[in-house]
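Take a look at the structure set out below.
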Amino acid sequence: MSTADGATSWRRSPGGLVTALAPVMRAYDGAWVGWTGSPDDAPAPFSTDDMDLVAVPMSAEEIALYYEGFSNATLWPLYHDVIVQPEYHREWWDAYRAVNRRFAVAAASVAAQNAVVFIQDYQLQLVPQLLRELRPDLKIGFFLHIPFPPTELFAQLPWRRQILEGLLGADLVGFQRAGAASNFESLAETFTSAVLRDDALVLEDGREVLARAFPISIQVEEVARLAEDPEVQQRAATIREEVGSPQHILLGVDRLDYTKGIGHRFKAFGELLAEGSVTPDEAVLVQVATPSRERVEAYQTLRDEIELQVGRINGDYGRIGHPAVHYLHSSYDRTELVALLLAADVMVVTPLRDGMNLVAKEYVSARSDLRGALVLSEFAGAADELGDGAFLVNPHDIDGLKRTMLTAMRLDPAEAEQRMKLLRDHVTSHDVSRWATEILTALRAI
Ligand code: ADQ
């Protein structure tokens, strides 16, 4: 973006991928090949925020077809349990191929001899194969940040074989959960000539591809340091007062996405108020919903639905100066986010499907005071690791969700402490640098 004096400054894009990878890129001193976020933008390679960045340009039309279209209106809903119906358009697929090729060429031109190239996420699934054709000397890793669907869903994709072959160009394909890795293995066996032998997929030319789970995490230290900062703690206390010092602050922090189950959360909270299980003086729900993919139709519809729900709940149960739901449709800096995490008695994470969910791990990292409770959907990847200390829920089961939210609100402090200890034992010993070391070590060992 341009600043007032005409200079250019860079703003990091919101979301889990950048949160997780920025510290890894700083630690490994590599170049990050990516899109700047604006159409036709192709600055020369530059450094910012301790990272070397190489920009790949994209036209406005490609953004519409490749990014908003194939990536976010075909693959995203298909990989998230078809919560929204995926759209299959041949011109979107053509744009996906063209942009993947451009990324492969860019990576091929900056990678040193025998370098490790680590490709991220569903927007670039053809790059491993394309890059291998250009640069057979490279070691190629791929990590999928979102779920990988079972055969019943993936088989819908008209280009299923091409996507699988694209991924099979990698030496190592990493997933968030073990189930995703086995979905990939069985799909590769069904739709390509690969055969699973001794835990590796063996291709026709004899090359082996490993599919494994590497659950991603966050930079725990960064969140913990902010949470210990007296100014942030003061801000948390102020937030509590600003929302009326209720007994229970429930918090949701999500990109405004239909996978995140924000509506299910509101429905449960609204019913608790309607029945009088909690009063608006006792409990408020603060929902941070970061604007996301605003040009994609399903996201526009979602925003309307969510805001209708907020309006209804506040209309029915709010008073002047005291809404029952505090709905914030904007991005926040890390300091304010951590202050919110510290102010929250119950963190409500209810995705219908989520690769991992870093917000759950951020909440745990912030709570060195061993207070607070985490309500976590069993459909988030994080449930595999945090199931012992969190309250797991099926967000489709509204009665179950209501019961669990009430239990979390009424949790006795000793049990809260015990649960938070369990959660923190896991999160603090599994931060993103461990994830990076494990996946990059596995890749180098091939
Ligand atoms: P996301 O779907 O973006 O990530 P998540 O893992 O929760 O979901 O990460 C969101 C990140 O954005 C968190 O670090 C959070 O703090 C931050 N954030 C959210 N709202 C914000 C706001 N208003 N202002 C500033 N920051 C905000 C994808 C997958 C996930 C997977 C990650 C990482 O969908 O399942 O966990 O990648 O692999």
Name every residue in the stretch 31-62 that is among the charged types (D, E, K, R), in a loop (DSSP other than H, G, I, E, B) and within 22 Å of residue 112 (Cβ to Cβ), in order of residue number.
-> 50
Only listed residue being under 24 Å from residue 214 (Cα atoms) and buried (at least 24 other Cβ atoms within 10 Å of the Cβ), chosen from 344, 373, 380 | 380
For the stretch 353-372, what are the residues that are more than 12 Å from the ligand (Cβ to nearest atom) and either under 20 Å from residue 396 (Cα atoms) or basic (Lys, Arg) (or both)?
-> 367, 371
Can you name the condition, by its number, that residue 193 falls short on among (1) assigned to a loop (DSSP other than H, G, I, E, B); (2) of a type outside the set (Asp, Glu); (3) surrounded by 15 or more Cβ atoms within 10 Å (Cβ to Cβ)?
-> (3)
Among the residues listed as 236, 181, 227, the single one being in the same structural domain as residue 324 (by TED's automatic domain parsing), within 16 Å of the ligand (Cβ to nearest atom) and under 28 Å from residue 434 (Cα atoms) = 227
Any pair with Cβ under 6 angstrom, 6 or more apart, that starts in the stretch 205-225 at a residue that is farther than 15 Å from residue 185 by Cα and ends at one that is not in a helix (DSSP H, G or I) | 214/174; 215/176; 216/356; 217/430; 217/431; 220/431
Residue list for the stretch 417-446, filter: buried (at least 20 other Cβ atoms within 10 Å of the Cβ) and not in a helix (DSSP H, G or I) | 431
Any pair with Cβ under 9 angstrom, 6 or more apart, that starts in the stretch 378-396 at a residue that is part of a loop (DSSP other than H, G, I, E, B) and ends at one that is charged (D, E, K, R) and away from the ligand (no atom under 16 Å from the Cβ) | 388/419; 389/419; 389/421; 389/424; 389/425; 390/419
Determine whether the stretch 319-330 contains at least one residue that is surrounded by fewer than 24 Cβ atoms within 10 Å (Cβ to Cβ), within 14 Å of the ligand (Cβ to nearest atom) and not in a strand (DSSP E or B).
-> yes
Pair list, Cβ < 6 Å and 6+ apart or interchain, from the stretch 324-350 residues that are in contact (Cβ under 8 Å) with a residue 24 or more places away in the chain to residues that are basic (Lys, Arg) = 339/235; 343/240; 348/265; 350/265
Condition check for residue 288: farther than 29 Å from residue 67 by Cα, among the aliphatic types (A, V, I, L, M) and buried (at least 21 other Cβ atoms within 10 Å of the Cβ) = no
Hand me the list of helices (runs of 4 or more DSSP H) wholly inside the stretch 81-158 holding 1 or more residues that are in contact with a strand residue (DSSP E or B) (Cβ under 7 Å, 6 or more places away or on another chain).
-> 90-110, 127-134
Answer yes or no as to whether residue 268 is closer than 16 Å to residue 347 by Cα and either in a loop (DSSP other than H, G, I, E, B) or within 16 Å of the ligand (Cβ to nearest atom) (or both).
-> no
Among the numbered criteria (1) away from the ligand (no atom under 12 Å from the Cβ); (2) assigned to a loop (DSSP other than H, G, I, E, B), which single criterion is violated by residue 348?
-> (2)
Could you check, for the stretch 375-392, whether at least one of its residues is touching an Asp or Glu at 6+ places or on another chain (Cβ under 6 Å) and within 9 Å of the ligand (Cβ to nearest atom)?
-> yes
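The values are calculated or read from the model by the stated rules, or taken from the named source; none is laboratory data. Just so we're clear, the structure is a prediction, and the values are computed from it rather than from any experiment. Don't worry about glycine lacking a Cβ; one is built from the backbone with ideal geometry, like all the others, and counts go over all protein chains shown.
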